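Data block below; observations after.
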Amino acid sequence: MLTTTEGRNTVSTLIEGKLNPLTGEPIASVAPPKQHLDFIAFTRDAEKGKEIHSVYITNLRGEE
């Protein structure tokens with residue numbers, strides 16, 4: 001799920017009532033998750049203020 005904590009957008013999982021962030025740094029956007037995949041694609045700002053983004057993926061263990 002996409003979460004916003006302390007003003008930062010991150011991708012997180014909710015397991016047994018505990019919120020586990022999967023991305024270490026703030027993200028810009030996230031692709032809709034697919035049930036049959038064990039990874040999620042998201043973007044981060046590559047250059048602040050220039051609207052240039054890089055695409056990353058993370059698995060459900062938080063390994064980018």
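We did not get these values from a lab; they are worked out from the coordinates using the rules stated. A quick note: this is a predicted structure, and the numbers were derived from the prediction, not measured. Virtual Cβ from ideal backbone geometry, glycine too; neighbours counted across all protein chains shown.
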Examine region 41-51 for a residue that is in a strand (DSSP E or B), of a type in the set (Asp, Glu) and surrounded by fewer than 13 Cβ atoms within 10 Å (Cβ to Cβ), and state whether such a residue exists.
yes
Scan region 3-32 for residues that are of a type in the set (Asp, Glu) and more than 19 Å from LYS48 (Cβ to Cβ) and jot them down.
GLU16
So GLN35 passes all but one of these: (1) of a type in the set (S, T, N, Q); (2) without any contact (Cβ under 8 Å) to a residue 12 or more places away in the chain; (3) in a strand (DSSP E or B). Which condition number does it fail?
(3)
Return the only residue of THR23, THR10 being in a strand (DSSP E or B), β-branched (Val, Ile, Thr) and touching a strand residue (DSSP E or B) at 6+ places or on another chain (Cβ under 8 Å).
THR10
